[in-house]
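Have a look at the structure below, then the notes.
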Amino acid sequence: MGRRLTAPERLGALLGGDTPLLALAPMQEITDGAFWTLVHRYGGADVYWTEYFRVHADSTPEKKILAAICGNTTGQPVVAQMIGNDIPSLVRTAKVLQTLPVAAIDLNLGCPAPIVYRKCAGGGLLREPARIDAILGALREAVTIRFTVKTRVGFQSTEEFDTLLPIFARHGLDALTVHARTVAQSYRLPVHYDLIRQAAETMACPVIANGHVCSAAEAHALVSQTRARGLMIGRAAIRSPWLFAQIRQQSRGEAITYPTGRDVWTYIRALWDSQAAFDKPERVRCERMKKFLNYLGEGVPAPFLHQIRRSQTAAEFHGICGAFLDHDRPMTLEPVADASAAPR
């Protein structure tokens with residue numbers, strides 16, 4: 001029997017494989033270990049990114065994220081993501097994280113949340129290319145396993161990408177994930193897929209495409225259009241955990257299998273069981289679930305999302321789900337026009 005591959009080696013094999021690597025995007029307060037376990041029941045990703053570790057002078061790695069890494073049930077590689085701007089702290093944290101069963105250390109240069117970028121972290125660092133250069137140099141020296149970066153294409157303008165790409169290329173990254181929007185765009189359209197192709201043609205390392213993939217057909221087209229080595233999917237995978245399996249069906253030329261309304265309702269109940277804190281009031285448990293249903297509800301006709309956002313008890317929440325999803329019709333779960341509209 002051959003030697004078992006390490007997590008970094010497995011990631012390398014996936015990046016060098018014949019089919020596009022599929023990654024679950026890191027989304028704060030959403031893609032925790034419990035969600036990894038659940039989404040993997042439906043086919044799951046090839047690689048899971050952690051929620052970001054907040055790094056500063058006094059930081060220690062968050063216990064919840066550490067627990068997700070050490071308790072990973074998916075059997076797939078995990079990438080530990082950091083966010084911050086203090087070089088000694090980033091280096092210190094990277095050295096700690098490398099002692100865990102992770103495939104790579106990733107630096108977040110894309111978070112568009114104002115509370116983050118105003119502190120010159122995440123996407124805010126894109127305004128300071130020289131600082132990024134220094135951080136990447138220090139981390140590349142400190143990280144002895146695979147080292148990756150997740151970025152947006154600029155802070156205010158896509159023209160900034162021409163300055164950023166040579167910096168990324170200088171530091172021997174093992175992969176670059178490009179979310180093809182600026183920080184200022186947040187999650188608004190358009191998505192600048194031409195810049196992902198520019199990165200794929202410029203970088204020596206594999207490039208992973210990220211941004212607004214809602215269906216298997218879109219995923220297939222995006223890989224062809226950008227020549228990316230893989231896809232990172234976040235909001236659409238929360239809306240439809242079937243998406244990763246559907247993308248694989250598309251790549252094999254098979255018919256796409258869609259869930260029925262009852263399948264979606266079963267998924268929501270499984271989310272409730274995995275995420276709701278049962279020692280909390282029902283209202284708090286409902287609020288936790290709305291973090292997920294705000295995405296899933298985009299794929300269900302109105303006024304589902306409007307009603308879910310106003311639910312306060314478990315009975316209300318599950319009653320609304322039953323009213324809209326107790327059927328056997330297939331659902332693509334792609335975004336529906338006016339999904340959040342109020343009842344007329």
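Being open to solvent by less than 10 Å² (accessible area, probe 1.4 Å) and of a type in the set (G, A, S) is the filter here; which residues of the range 16-54 pass it?
Answer for the range 16-54, where residues must be open to solvent by less than 10 Å² (accessible area, probe 1.4 Å) and of a type in the set (G, A, S): A23, A25, G44, A45.
Could you look through the range 218-253, keep only residues that are polar (S, T, N, Q) and part of a helix (DSSP H, G or I), and pick out the one that is nearest to Y295 (Cα to Cα)? Don't jump to the end; show me each part of the working.
Initial filter on the range 218-253 (polar (S, T, N, Q)): 224-226, 240, 246, 249-251.
From what is left, the residues that are part of a helix (DSSP H, G or I) are 224-226, 246, 249-251.
Values: S224: 26, Q225: 26, T226: 26, Q246: 18, Q249: 23, Q250: 23, S251: 25 Å.
Step by step, filter the range 218-253, then rank; the result is Q246.
Would you pick out the residues in the range 67-90 that are without any contact (Cβ under 8 Å) to a residue 60 or more places away in the chain, hydrophobic (A, V, I, L, M, F, W, C) and either in contact with a Phe, Trp or Tyr (Cβ under 6 Å, 6 or more places away or on another chain) or over 21 Å from L109 (Cα atoms) (or both)?
Residues satisfying the conditions are A67, A68, I69, C70, M82, I83.
Which count do you get for residues in the range 45-101 that are under 23 Å from L21 (Cα atoms) and charged (D, E, K, R)?
2
How many residues does the range 306-343 hold that are part of a helix (DSSP H, G or I) and either open to solvent by less than 70 Å² (accessible area, probe 1.4 Å) or among the β-branched types (V, I, T) (or both)?
Number satisfying all stated conditions: 12.
What do you reckon, is V149 touching a residue at least 12 places away in the same chain (Cβ under 8 Å), of a type in the set (A, V, I, L, M), outside any loop (DSSP other than H, G, I, E, B) and crowded, with 21+ Cβ neighbours inside 10 Å?
Working: touching a residue at least 12 places away in the same chain (Cβ under 8 Å): yes; of a type in the set (A, V, I, L, M): yes; outside any loop (DSSP other than H, G, I, E, B): yes; crowded, with 21+ Cβ neighbours inside 10 Å: yes.
In short, yes.
Can you name the number of the only condition in (1) touching a residue at least 60 places away in the same chain (Cβ under 8 Å); (2) open to solvent by less than 70 Å² (accessible area, probe 1.4 Å); (3) over 22 Å from H179 (Cα atoms) that S240 fails?
S240 satisfies every listed condition except (3).
For the range 180-194, give me the residue count where each residue is open to solvent by less than 10 Å² (accessible area, probe 1.4 Å) and either among the basic types (K, R) or outside any loop (DSSP other than H, G, I, E, B) (or both).
1
Only residues that are closer than 22 Å to T50 by Cβ and of a type in the set (S, T, Y): list them for the range 139-168, please.
T144, T148, T151 - these are the residues of the range 139-168 that are closer than 22 Å to T50 by Cβ and of a type in the set (S, T, Y).
Which of the residues that make up the range 164-179 are in a strand (DSSP E or B), over 16 Å from P112 (Cα atoms) and either of a type outside the set (A, V, I, L, M, F, W, C) or touching a Phe, Trp or Tyr at 6+ places or on another chain (Cβ under 8 Å) (or both)? Break it down stepwise before answering.
As a first pass, look at the range 164-179 and keep what is in a strand (DSSP E or B): 175-179.
Of the ones still in play, those that are also over 16 Å from P112 (Cα atoms) are 175-176.
Once the filter is applied, which keeps residues that are in a strand (DSSP E or B), over 16 Å from P112 (Cα atoms) and either of a type outside the set (A, V, I, L, M, F, W, C) or touching a Phe, Trp or Tyr at 6+ places or on another chain (Cβ under 8 Å) (or both), the range 164-179 yields only L176.
Out of T144, T163, T177, T74, report the one residue that is at pLDDT 95 or above, within 18 Å of the chain's Cα centre (by Cα), surrounded by fewer than 24 Cβ atoms within 10 Å (Cβ to Cβ) and polar (S, T, N, Q).
Going through T144, T163, T177, T74 in turn, just one is at pLDDT 95 or above, within 18 Å of the chain's Cα centre (by Cα), surrounded by fewer than 24 Cβ atoms within 10 Å (Cβ to Cβ) and polar (S, T, N, Q): T74.
The values are calculated or read from the model by the stated rules, or taken from the named source; none is laboratory data. If you're wondering where the values come from, they're calculated on a predicted model, not measured in any experiment. FYI the Cβ positions are ideal-geometry reconstructions off the backbone, even for glycines, and counts take in every protein chain you see. For accessibility, only protein heavy atoms count, side chains too; no ligands or nucleic acids. Shrake-Rupley method; radii C 1.70, N 1.55, O 1.52, S 1.80 Å.
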